[in-house]
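Right, one structure below, let's go through it.
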Amino acid sequence: MREASLGPDRTDPRAIVNGLSVDVEEYFQVGAFENTIASGDWDGIASRVEFNTGAVLDLFARCGVKATFFTLGWVAHRHPALIRRIIAEGHEIASHGWDHTRVFTMTPDQFRADLDRARAALEDAGGVAIRGYRAPSFSIDQRTPWAHPILAEQGYAYSSSVAPIAHDHYGWRAAPRFAFHPVEGSDLIELPVTTVELGERRFGAGGGGFFRILPYALSRWALRRVNGTDGQPAIFYFHPWEVDPDQPRVANAPLKSRVRHYTGLGAMAGKLEQLTRDFPWCRIDEIALPLAAGRL
């Protein structure tokens with residue numbers, strides 16, 4: 001692995017633009033419910049992804065920001081008009097795999113098939129080339145040394161699939177914290193989700209539950225530290241279901257999963273609006289593609 005150079009002009013925090021992303025999936029497809037709701041039952045559950053993603057698009061339009069929407073092929077196949085709306089409003093569509101299967105549960109051949117199926121659905125729905133990929137639940141890690149080479153073989157320009165942190169659901173603590181080239185001889189860029197360090201401890205700071213559950217001031221401090229002390233752009237993510245406090249409750253899910261999933265839903269939209277006022281944002285490809293070309 002080798003780090004991607006950002007260049008001296010990106011060390012000024014005032015010049016740093018951060019990467020904003022949305023992982024587009026139904027509320028019932030999340031990892032927290034994977035042992036509670038069978039994938040075979042998904043088509044019988046009322047969909048909320050188009051409504052929720054529409055609310056996110058409306059919020060972004062009000063705030064004047066663009067983002068990357070890492071979208072499941074399963075969603076694109078069922079809601080092609082949503083994909084077209086995302087593109088029409090100036091955002092990037094990228095792949096989140098077919099049906100939220102974690103990469104470390106697949107074989108290399110299964111991973112190739114999952115990539116192919118998702119990309120076909122996304123490109124058929126949107127009519128644009130898919131250049132980026134994010135593994136469900138940041139599931140590219142030390143168990144999948146074949147994953148990045150396969151992405152490079154298939155022509156992806158970038159991945160944002162690594163969480164360089166120790167976590168009970170995911171994490172690759174030994175991975176670089178910031179952009180790196182994971183495949184020798186390839187331009188493929190990996191943009192890990194953002195973390196912040198305090199001494200020898202490392203914490204998630206790139207969105208998700210950290211952002212939704214904890215006070216906003218902690219996220220603002222963490223992102224300012226990444227932009228200022230580290231001189232790096234943040235890679236931030238969230239999900240459309242996180243702006244939906246009225247979503248159905250999965251009563252038979254484990255208590256820990258329910259606490260994580262439902263805490264802070266009502267405050268999420270307001271936090272996101274504040275985030276767009278406090279920091280500059282862009283699509284992930286606007287960070288990744290110049291890095292791949294060696295221009296940053």
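In table form, for the structure just shown:
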| item | result |
| --- | --- |
| Single condition Tyr133 does not satisfy, out of (1) touching a strand residue (DSSP E or B) at 6+ places or on another chain (Cβ under 6 Å); (2) modelled with pLDDT under 95 | (2) |
| Set Gly206, Gly199: member being on the phi > 0 side of the Ramachandran plot and without any contact (Cβ under 8 Å) to a residue 60 or more places away in the chain | Gly199 |
| Matching residues in region 170-193 - criterion: being surrounded by fewer than 15 Cβ atoms within 10 Å (Cβ to Cβ) and either in contact (Cβ under 8 Å) with a residue 60 or more places away in the chain or on the phi < 0 side of the Ramachandran plot (or both) | Arg173, Ala174, Glu184 |
| Hits in region 218-240 (condition: part of a helix (DSSP H, G or I) and of a type in the set (Phe, Trp, Tyr)) | Trp221 |
| Any hit, region 140-153, residues being touching a Lys or Arg at 6+ places or on another chain (Cβ under 7 Å), touching a residue at least 40 places away in the same chain (Cβ under 8 Å) and more than 18 Å from Ala292 (Cβ to Cβ) | no |
| Check on Ile83, open to solvent by 10 Å² or more (accessible area, probe 1.4 Å), outside any loop (DSSP other than H, G, I, E, B) and of a type in the set (Val, Ile, Thr) | no |
| Matching residues, region 197-217, being under 20 Å from the mean Cα position of the chain (by Cα) and part of a helix (DSSP H, G or I) | Gly208, Gly209, Phe210, Phe211, Arg212, Ile213, Tyr216 |
| Any hit, region 66-73, residues being outside any loop (DSSP other than H, G, I, E, B), out of contact with any Pro (no Cβ under 6 Å at 6 or more places or on another chain) and surrounded by fewer than 18 Cβ atoms within 10 Å (Cβ to Cβ) | no |
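The values are calculated or read from the model by the stated rules, or taken from the named source; none is laboratory data. Being a predicted model, the structure only gives us computed values, none of them experimental. Cβ coordinates were reconstructed from backbone atoms using ideal geometry, including for glycine residues, and neighbour counts include every protein chain displayed. Side chains are part of the model used for accessible areas, which takes the heavy atoms of the whole protein and leaves out ligands, DNA and RNA. Shrake-Rupley method; radii C 1.70, N 1.55, O 1.52, S 1.80 Å.
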